[in-house]
Each structure stands twice: as C-alpha cells, then as structure tokens.
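Notes follow the structure.
The values are calculated or read from the model by the stated rules, or taken from the named source; none is laboratory data. It should be emphasised that the depicted structure is a prediction, and the values quoted were computed from it without experimental measurement. All Cβ positions, glycine included, derive from the backbone under ideal geometry; neighbour counts span all protein chains shown.
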Amino acid sequence: MRFGILVFPGTWSDTDCHYAVSEALGQDAGYIWHKDDNLAGCDAVIVPGGFSYGDYLRAGAIARFSPVMGAVRDFAASGGLVIGICNGFQILCEAGLLPGALRRNGHLEYRCQWTHLRTERVDTPFSSRCQARPALAVPVSHGEGNYYADAATIAQLEAQGRVLFRYCEPDGTITDAANPNGSVGNIAGILNAGRNVLGMMPHPERSCEALLGSDDGNLIFGSMIDAVAGAGG
C-alpha cells in the first residue's frame, strides 16, 4: 500500500507520518508537494499537522487553495481514503471536505499532552483494529483544536454516526476533565458522509512505537491498510 503525504510550506509532521507508516508499519510512502495536482499511485492520503502557510488568516485557510487540494477532493470523491491530522483536520474543514471548524482552545492555551480517545464505531476504514481498546492513548499538540459546528450539524453528525473519536478517561468514560480544548461533545475526530475522510486533532503518528509511550496510533493507520487490502488495493 502507498500513502501519499502532503507537504505545505510550514508543515512539520510530514516526516513523522512517513516514519509511522513506512518504518513502524512497513508500507510504501511518498511526499506530495502542495503545488502538485496529481495523486496517481496513492492508495491513501495523509494531510499532516503543522502550520501550513504560517496559519496566516486562520489555520488551514490558505492551504485549501493549493493545487493539491483539488486532487484531494477528486480522490475523496472517488472513494479514496483521506486522513487529516491536526492542521490537516483544519485544512479539510476549510476545504469543505468536512463540516465545522476548529477554534481557539477554550482555555486559550496551547496544549501538548497525552489524551485518551474512545472509538465510537469500529465499522469504518479508520477504526476496524480499535475493537480491543476501551481507549486509545494518542497525544495532542495544538492551540486551535476546539471543534465547533452549529447545533443542526452536530445533531446530523451524531445521528449519522460520524463522530469517530471522543476525548475520554483511560477507561473510556466521557468527562469534561478529559477534554483538552473544549470541543463540543468531546469530539476529537469526525468522518465525512461517505466515511472515507477522517479529520482528527490528536496525532496517531506520534504514538506509533511503545518507546514513545504508546503504539495505539498504529491501530488507525493499520485499519486503513486493512481497508485498502480488503478493497483489492
């Protein structure tokens, strides 16, 4: 399987993502520059974290206009798997591939810390390997990770089962104390209507080896590998 990893000016989690899927999971991976408009040969796309274009205007607002994002839209529309992590989540929301927006953390502090995530469903291309865990240990590192959408959009996400991850306690209990940024409903990750696009603020690439404190992030990338393999990719 080949992962395509996008690189914008200001991206800095691209090499971490490359290491996670190539070294930790043994898959093929390559970088795709923001001016490219071709995703040929990619089985899945990672939109990594960082500060694309310096987060000028607001996080992800300029990256949405990059040539590569047109290719990402087409790739997603054809059923290709896309995961946006941290700034990548912000970019996917700005580009209209996911609903809602990421606002300043409720406490107005930048937070870099471990969090726990409850998987709300395991019948998706991003979560099939998460069945045995009450909660995944995955770190966050952001100042604008406070997920927000209007009440009607939140109700739709909930009704359609498109909230994939929520911040929780280690045992899976949802509490206010477990929410690192004030996201509505403790939302840490959501899916598009086709369930082939995931945006999440926590960094699974930073939890790809036990030496780092957790390898639970591999369950997310591994689920994507299984999904592509199952589809004959």
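Of note:
- Filter pass, residue 195 being over 13 Å from residue 100 (Cα atoms), modelled with pLDDT of 95 or more and among the basic types (Lys, Arg): yes
- Meets criteria (under 23 Å from residue 225 (Cβ atoms), touching a strand residue (DSSP E or B) at 6+ places or on another chain (Cβ under 9 Å) and free of Cβ contacts under 8 Å to residues at least 60 places away in the same chain) for residue 121: yes
- Residues of region 1-50 satisfying the condition of being among the acidic types (Asp, Glu) and not in a strand (DSSP E or B): 14, 16, 23, 36, 37, 43
- Just one residue in the set 73, 64 is of a type in the set (D, E, K, R), under 28 Å from residue 230 (Cα atoms), under 17 Å from the mean Cα position of the chain (by Cα) and not in a strand (DSSP E or B); that residue is 73.
- Checked against the criterion of being at pLDDT 95 or above, more than 16 Å from residue 199 (Cα to Cα) and crowded, with 19+ Cβ neighbours inside 10 Å, the candidates 24, 71, 44 yield just one match: 71.
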